[in-house]
Structure formats: structure tokens, C-alpha cells
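The values are calculated or read from the model by the stated rules, or taken from the named source; none is laboratory data. Worth saying up front: this structure is predicted, and the values here are computed from it rather than measured. We place every Cβ from the backbone using ideal geometry, glycine too, and count neighbours over all the protein chains shown. We work out accessible area using only protein heavy atoms, side chains counted, and drop any ligands, DNA or RNA first. Shrake-Rupley method; radii C 1.70, N 1.55, O 1.52, S 1.80 Å.
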Amino acid sequence: MLRRRHHLPAVLRLFSTSCRRGHPTQPPQHPSPAPLPLPPPVAKKVPFTASAHGRSWSDPYHWMRDTSDPDLAALLEAENAYADAFVDSAGEGGGGLRARLAAEMRARLPPSAASPPQPWGPWLYYQYVPEGKEYPVLSRRLRSSGGLARAALDFISGSKKEQVLLDWNEIAEKFGYVHIGSCRISPDHRFLAYTLDISGDELFSLEVKDIQSTNTIFSSPHKGIVSLAWSRNSDNLFYTVCDETLRPNQVLCKDLQSDQAGFLVFMEKDINCCVDITSTKDFKYVYVMESGHVRGGLWPVQKRSDKVQYFLEHHNGFFYILTNAPLEGTETANGGYYLARCRAEKSEMDKWQVVALPGSYYTFQDMDIFHEQLVLFLRKSGLPLICSINLPIDVDFQEQKELDDLDPWFFPVPSDLCSIVPGSNNDFMSSTYRLVLSSPVLPDLTVDYNMRMRTFAILHQEEVTGLSSNLCTVGLQSNITGIQQNLQLIEDSQSWSDLSKLFSCERVQVISHDGVSVPLVILYSREAHRRGESPGVLYGYGAYGEDLDKSWCSDRLSLLARGWVVAFADVRGGGDSSWHLAGTKANKINSIKDFAACGTHLIKEGFVHKNRLCAIGCSAGGLLVGAVINMLPDLFSAAVLKVPFLDICNTMMDSTLPLTILDYEEFGDPNISTEFDTIRSYSPYDNLSPDICYPPVLVTASFNDTRVGVWEAAKWVSKVRDITCQSCSWSVILKTNMQSGHFGEGGRFMHCDETAFEYAFLMKALGLDDNDSCKIVL
């Protein structure tokens, strides 16, 4: 059992926090013999002066912006060698921890995995990962007429021939990298359209495949394809194309019965706006034109207004509209969403009727629609909910109604900590809605909700292999892989399996700097955790209104078994619209101080030892963590910054870079003096403190990343090494994937290897890498 921190052997002191916590001026104790190529790489400096709003400053690492410079590639290769040597030396006896962690994580993955088949029209569609493979395969079989039980037997016996629609593994083997963006089956089930990235730069190409012949019948000459939508007759495919800054700005339509190129449907000229394309669930309309009259032009829905959004679906001659358009005399006048409708006629598009307001307890987030039901995604007290409402809606539209007046059915879920992710749910005529439920202690659970009968059926729970039998004691078997077992499960039990008897998972409210309560989810092993002594890691993101991912991840068991606390801070900037806006532009400091408050809470309340708290932030979350490290360099004893947005000030001033102008809405416009000052005040790269002891930090980057340039990580690491405490900065390392983009390589085994690298770094940084024997047995 992990009870207290062991004294650090000499070989670890150089890469621990002892200098920061003890005697900053004491020279580091170099290991002998040195297991690392010391000192770390040193980047060249090239004089460069940046200026804005009458001010100038030196940026000697600006040269890294040129990714074609061979000196940058050489530096990144040297940094990779240094990072590998650093992490590979972690473990009792001088190494092996990284490999052991990776082996643990891989052992928890089943040899193969499959999703339950989902009916759509005459077919059953499903995905599976073949044994030993990294990536999924999308397939289908003909649907049986004997219902779900008969379909399952046909599936198991193979009596209905499988059609492989798309194999990610084949593409990866051919090109070395694969990222599928959008993937759409045509309404008549003849064609598969998908977007493909084979380099990581997210300049997706478009391929259309005839499923029966397996031939590719169309490849777009354009790069940078984002969204796809089919016409009702499956003869026309709409798609959006990006400009040079990766802003989707054009809608094109390709007639698959013609050899002519796709024709332009719409072009968005406002550089502050993107364009998207989608069809209604019944395929009768493409936003917004009649699906059968593709050259008839778009229908105007409402005059464009700043920050006003609306999302449409069609049902029985009406458009149902989820919108935040101002509505006088209600709470939604402050920007909340409500449900409206209008007749699906061009002349009636501006005549909206309010169907339902959310009421005082809920906020509307999203919707879906079926032949007999409308589905609403909601939040209550910041937590997700989902409900269905029977259609058609028969209400008196002269009197405003609230959600509860429409007799909603709230889908049962295992706990209020669940993340809720919808399945494909493509069949408009279905009365069943599929969800995947997950939480930090609940392996992914696939559930079908019968909205007509208001019942639910558990189909499948993610398999976690290699765990002792006492982990799953709440009624559902932990290892369920076959459809036949799933059917038996549905008949025998409507319970699920979680790990709450072994792991505590609680949601608390932390008071931030301005008195606002910030949700913090705290996860730890009931057996291995030691109050006031345990190490811990705090995750944060806080941008773009995105929720921090708290779904099940078996990799975390490697930390929990060793007594670590894993916590998730839902800081301002993420979440619903009001929580999001409270962490944007001039309010961004709220996100940063929220994260610091959550870290401080973990220490003060005894969840984590004061010298053993770590942080992890990805992309915009890296900005969050980097800013807190500058503000409170002693709060975190180590950190992992993954493809981090660290050089925000310089990036936001370069409008030629992808996505920069679109980010003005999130972070502010640096062309405006006051907003420039705000951005520069928290920019991680611009606020590094000379001679201060910084914690050990692993920074990861991807060479082909178009969202966050590889130079941001390289510049930050080089500057830390240059101006901060030299001995501490030797434990700031940079690891760059030279082949991938912002989202990494994505394979399930590769993900284990990447996570093992991060965990081994954190354990080494805390001097706990020689305590591997202290973990509990799972």
C-alpha cells in the first residue's frame, strides 16, 4: 500500500520537485553515471521584434513558426530523444515503468470489441474492432423479419452475409495514418460518403463509395471538406469546403448521376462566420431548401443576428426550431434556448410559434426528432438529462407552455454523473432511442429507450478484462461480448455494473475567487487512497462551451490502483451558454482562477498531498494549466500539456493562421487594445517568470497540427529552459509526434502507449516511480 513518500534516490533528484520545494539555490544532484543525454537540447535564438499597440518585445524563438526550417525538425528530434530517455529511466532499478503501465492498459482491453447492431431500414449497422487491430470496421447485415431475437441469431450464425463498408485499418496500413471525419450512408442505403485525413492536417478529402460494387464513384477535387448531407433521393450529395484558414465557407452539391463537378450552392463571405450543412431527419429538407429541388435556392429562416442560433428539424409539415432568439418577457430573453415551430413553407418561415420554454429548472441543449417523438437534451443544475415528448404536440399556442406541461419522459440513467452520448439513431420511423452512458465508475453502457412504451433495455456494457471479480457487483456481468449474452441480459436484468464499491466518485462545489461555485468531480480508490498523502491529477479544459470528458477510461485504473486521486474541474468557459460566456474574452481569467481554486481545494481538504498534485490540460486546456503554473508555480508539482495553446498572443495576432479569426469570439480580438491587454495578461508564453522554479512539465505536440502549431510547444519549452531555474527546467520535456495532427493517431493500443508515457512521467516527476509494488491488485 502507498502510505508515504519514499526518500528520493540520487538518480531521481534532478527530475523531482525537490529544488522547488526545498532549496532553490542548491545545485542539482546529477546522477552518476548519467542515464540521460544531459544537458537538454538548446534551441537557437534569432533576433525578432514583435509589436502591437505601440509596444514592442523580443521573441527570439519566432523562427520556429517556419516549420520547413530544418533546424526545427532537428530540434524536435533531439527533444524526442531527450524525452524518451527521461521517461524510459522511470521505474525501480532505473527503468521499465512506462512499459509496465502500457502492458497493464493493453491487458484491460478485450482482444476485440463490437457495438450492438442498430437497425435502420432493411439493415443492421454496427462497428467492431477486429482482434489485435487498432481501428474499427463499419459493417452491416440484412435485417431479419423476426424481430431483435431473430436478428441476433442471424448475426451470430452468419446466415445474413456481412458487408464491410469501411475498414479504418486498411487505410492506416496503406497511408500510415487515418482520421475519418464525417461518415454518411445515403437514404436508400446504396452509397457511403466519408471524409478522410491521411496526414493529420485535417484537410479532409471526400470519397463516395458504391456499397454494392465497392467502387469509389466520386472523389472531390477539393481538400478541406467538413460536413456532408444527402438529398432525399440519394442522387445529390451536399458538402462544405474550407478556405485557407480552415473556415468552412462554401456549400457545394454533387449530382452523382452526372460527370460534372459539384456546383456552388452557397458561399459565406463574412470571415467571422462558418457554414454547415445538414439534412432533416426525414431527408425532406437540407438546411434549408427542399431536398428534391437542389437548385431551388436556400430559404431564409431568420435575419442574421449576432449570437442568435437556431436548429431545425422537420415533422409532418412543420419545422421544429431550437433557438435562443430573444423572446420578450421571459427568462430566455437572456440568451437561453427554447422550442418553437413554424409551417414548412417558404412564406411562413418567419412566423414562429413558441412550443415550450425550458422553465426555471432546465436549459435546452439539443434536440432530435422521430416519426412519433421529439427528443430534447437538457441540463439541470449543470448535469445532463434527456427526455422525449410525444408528437404531434397538441397545445394551445396562445398560452406559453413549459417543458413539464408537455408530459416529458425523462430517460432513466444510473447516476447524475453520467455522460450521455447518443448513438447513430438514423431511423426516422423508429420509436427507440439509443444512448451510450458512462461515468468515471461506469464502463460504457449501451441502452435502448423505447419512447412509445417508456421502457428501456440494456444492450451491452464495455468489457474490461483482467479485473478481479469483486469489481463488478451491482448486477451486470462485467464481461459481456456476444449479442446472445446481451439478449439474455435484457430478459434477466435491467441493472448495470459500476465500480462504486471500490472507487469513490463525488461531485463537490468549490468556491472560486469571486464567490462562484465551481463543480469538481473527485475519483479515488477506497482502498488505496491515503488522506493527506496521496498523489493526484487534476484535469481541466474550460473553452468553447465544451464539457470536460469524464466518461469511463480503463487507463485510469493504473493511477487509482497506486493510490492516486483523479479529479475533473468544470471551470467556466465550458458547459452551457451562460457558463461558457463567463469564461470567454475578458472573463477568461475566471477559468484560470477556477482551476487554481479546484487544485487548492484538493490539497486543503486532504484529498492530495500538497507536494503531489499534478495537472493535465489538452489544447485550450493546456492554456488553462500553463496560465495557472505562471500564476502559482508551487501549486502543481508536475503537469502534462497536450498539444497546448501556449503562445496565444502571437497566434491570435496572425490572422492568416487557421481558425484564428473564429477564435476572436472565444478569446478576444488582439487588434483591439483592451482585448490585446487581456490576452497578453494570461498568455502562458508571455508570462514566464525569470529564475523561478517551474515544476516538471511534459509538453506534447504534433508536427502536422493545424489547430495549434507545433511551434507553440517548442517555443514555450525553449523559453522555460532559457529564463527559468536551470536545474528545474531540465525536467521540462517536449515530445512531438512527427506524423500526426491535433488528435494524435487514435488507435486503441497506441492510445495506451501515449497514456503510459504521460503517467510514467508524472510518477517520475513526483519521485514515486520506484513505488510500483505499492499498487493494489485489480
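For region 64-112 and region 440-467, what is the centre-to-centre distance using only Cα atoms, to the nearest Å?
Between the Cα centre of region 64-112 and that of region 440-467, the gap is 36 Å.
Can you give the FRET efficiency to the nearest 0.05 for SER431 and SER578, using r as the Cβ-Cβ distance and R₀ = 30 Å?
Given R0 = 30 Å and the Cβ-Cβ separation, E is 0.30.
Mind grabbing the base-10 log of I(q)/I(0) for the chain at q = 0.07, 0.10 Å⁻¹? Debye formula, identical points on the C-alpha positions, no solvent, two decimal places.
Each listed q maps to, in turn, -0.54, -1.17.
Show me, for region 227-244, the HN-Hα J-couplings you get by feeding each phi into the Karplus relation (A = 6.51, B = -1.76, C = 1.60, θ = phi - 60°), rounded to Hz, glycine and proline as x.
10, 10, 8, 8, 6, 5, 8, 6, 8, 10, 10, 9, 8, 9, 10, 8, 8, 5
Where only protein heavy atoms count, and the probe is 1.4 Å, what is the accessible area per residue for region 177-298 in Å²?
On the way: 5210 Å² over 122 residues.
Normalised by residue count, the accessible surface of region 177-298 is 43 Å².
May I ask you to evaluate 6.51 cos²θ - 1.76 cosθ + 1.60, the Karplus curve with θ = phi - 60°, for each residue of region 501-516 and list the ³J(HN,Hα) values in order in whole Hz, giving x for glycine and proline?
6, 9, 10, 7, 9, 10, 10, 10, 10, 10, 7, 8, 4, 10, x, 7
Run the numbers for PHE175 and VAL308: contour at 0.36 nm per residue of separation, minus the present Cα-Cα distance, in nm.
43.7 nm
Give a residue-ordered list of calculated ³J(HN,Hα) values for region 191-202 (Karplus: 6.51 cos²θ - 1.76 cosθ + 1.60, θ = phi - 60°; whole Hz; x for Gly, Pro).
10, 10, 10, 8, 10, 9, 10, 10, 9, x, 7, 6
Pairs of lysine in region 226-384 with Cα under 20 Å and at least 8 positions apart or on different chains: total?
The result is 7.
Ignoring any ligand, DNA or RNA, what whole percent of the accessible area of the chain comes from carbon and sulfur when the probe is 1.4 angstrom?
Details: 16020 of 31980 Å².
Within the chain, the accessible surface is 50 percent carbon and sulfur.
Between helix 588-604 and the chain, what is the angle of the helix's C-alpha long axis to the longest principal axis, kept within 0 to 90° and rounded to the nearest 10?
It works out to around 60 degrees.
Amide H of HIS179 versus every other amide H placed in the peptide plane: which residues, excluding those fewer than 5 positions away on the same chain, fall under 5 Å?
For HIS179, the qualifying residues are ASP197.
Farthest toward the dipole's positive end in region 177-298, which of HIS222, SER258, LEU203, given Cβ charges of +1 (Lys, Arg) and -1 (Asp, Glu) about the Cα centre?
Final value for the positive-end residue is SER258.
Quick check: net charge around LEU624, other residues with Cβ under 11 Å of its Cβ, Lys/Arg +1 and Asp/Glu -1?
Charge balance in the 11 Å sphere: +2.
Please list the non-local residues whose amide H lies under 5 Å from the amide H of LYS735, H modeled 1.01 Å from N, same-chain partners needing a gap of 5 or more.
Here VAL699, THR700, ALA701 satisfy the definition.
For the ranges 706-714, 310-318, 508-516, what's the packing order if you count other beta-carbon atoms within 10 Å of each residue, average per peptide, and put the highest first? Please list the in-between numbers first.
Details: 706-714: 24.3, 310-318: 17.1, 508-516: 14.2.
In descending order of packing, they fall as 706-714, 310-318, 508-516.
Considering only the chain, what is the antiparallel percent among its DSSP beta bridges, to the nearest 5?
80
Name the residues whose placed amide hydrogens come within less than 5 Å of the amide hydrogen of VAL510, ignoring near sequence neighbours (fewer than 5 apart) on the same chain.
VAL518, LEU520
Efficiency by 1/(1 + (r/R0)^6): what FRET value for LYS585 and GLU131, r their Cβ-Cβ distance, R0 = 41 Å, to the nearest 0.05?
0.25
Tilt of helix 710-723 relative to the longest C-alpha principal axis of the chain, in degrees (0 to 90, nearest 10)?
Value to nearest ten degrees: 20.
Under a crude label model (7 Å from the Cα following the beta-carbon direction), how far is GLN398 from ASP66 in nanometres?
Here the modelled spin labels are 7.4 nm apart.
TYR544 label point, 7 Å along Cα→Cβ, cut-off 14 Å on backbone N: hits in region 215-252?
246-248
Just to confirm the number: angle between the C-alpha axis of helix 483-492 and the first principal axis of the chain, 0 to 90 degrees, nearest 10?
80
About its Cα centre, what dipole magnitude does the chain give when the only charges are +1 on Lys and Arg Cβ and -1 on Asp and Glu Cβ, stated in debye to the nearest 20?
On the way: 71 positive and 92 negative charges, 339 e Å.
Roughly 1620 debye, rounded to the nearest 20.
Of LEU445, VAL732, SER430, which is farthest along the charge dipole of the chain in the positive direction, counting Lys and Arg as +1 and Asp and Glu as -1 at C-beta?
Positive-end residue among those listed: VAL732.
Simple spin-label model, 7 Å along Cα-to-Cβ: ASP677 to LEU662 in nm?
For the pair ASP677/LEU662, the computed spacing is 3.1 nm.
Between ILE271 and GLU92, what is 0.36 nm times their sequence separation minus the Cα-Cα distance? Round to one decimal in nm.
Length difference between fully extended and current span is 58.9 nm.
Label points 7 Å out from Cα along the Cβ direction at PHE410 and ASP634: separation in nm?
Reported label-point gap for PHE410 and ASP634 is 4.6 nm.
For a protection proxy built on the mean count of beta-carbon atoms within 10 angstrom, sort 375-383, 54-62 highest first, please.
So the order, starting with the most tightly packed, is 375-383, 54-62.
Mean residue ellipticity at 222 nm from the helices of the chain, using -39,500 (n - 2.57) per DSSP H segment of n ≥ 4 over the full residue count, to the nearest 500 deg cm²/dmol?
After summing the helix terms and dividing by the residues of the chain, the value is -6000 deg cm²/dmol.
For ASP691 and SER381, calculate 0.36 nm times their separation in residues minus their Cα-Cα distance, and state this gained length in nm to one decimal. Mind showing how you got there, number by number?
Numbers: separation 310, 0.36 × 310 = 111.60 nm, distance 4.40 nm.
Length gained between ASP691 and SER381: 107.2 nm.
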